[in-house]
Amino acid sequence: MSDITAMSEGIATNLATISGIRTYSEIPDNPALPAAVVSLVSVEYDQAFQGGLTNYTFNVTVIVSRVTERRAQQRLHDVIQTGTGSVKAAIQSEKTLGGSAFDVKVTEMNNIASATIGDIEYLTASFVVVVRAY
């Protein structure tokens, strides 16, 4: 049986390898920035014969301060790229998420946007992460 909490914690643990980013496996009330927040979006059951595979889709939101727009956008660009220090490379660095999954894949970065947290504007980037588990 799959453990969603363990998957979320595994994603956050993998993200913690990115220098300077705090990670959260649950949605925090007041995150310390820059931050990467993991949240479950959807579950697709019975993806293999006899219900043996389930796809879990998570969203990872990276939040950075907007002290200067140029620096905030550059910080997001740094984690969007596909090489060392990127969200994709970090999450996919340990595919079993500590033994809670069969595979993990970052499929897309789908949005850069402004977000207001406690009356302060931040920049965010959202990543789609698909976890396959038995």
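FYI, it's all coordinate maths here, none of it is from the lab. Note that this is a predicted model, so its numbers are computed, not measured. Here the Cβ positions follow ideal geometry from the backbone for every residue, glycine too, while neighbour counts run over all protein chains shown.
Summary of computed values
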item	result
The stretch 17-32 - phi-based ³J(HN,Hα) in whole Hz, Karplus 6.51/-1.76/1.60, Gly and Pro as x	6, 7, 4, x, 10, 8, 10, 9, 8, 9, 5, x, 6, 9, x, 7
Volume per residue of the C-alpha convex hull in the chain, rounded to whole Å³	95 Å³
Ascending count of other beta-carbon atoms within 10 Å, so fewest first, for 88, 95	95, 88
Size of electric dipole in the chain: Cβ of Lys, Arg +1 and of Asp, Glu -1, about Cα centre, debye, nearest 20	460 debye
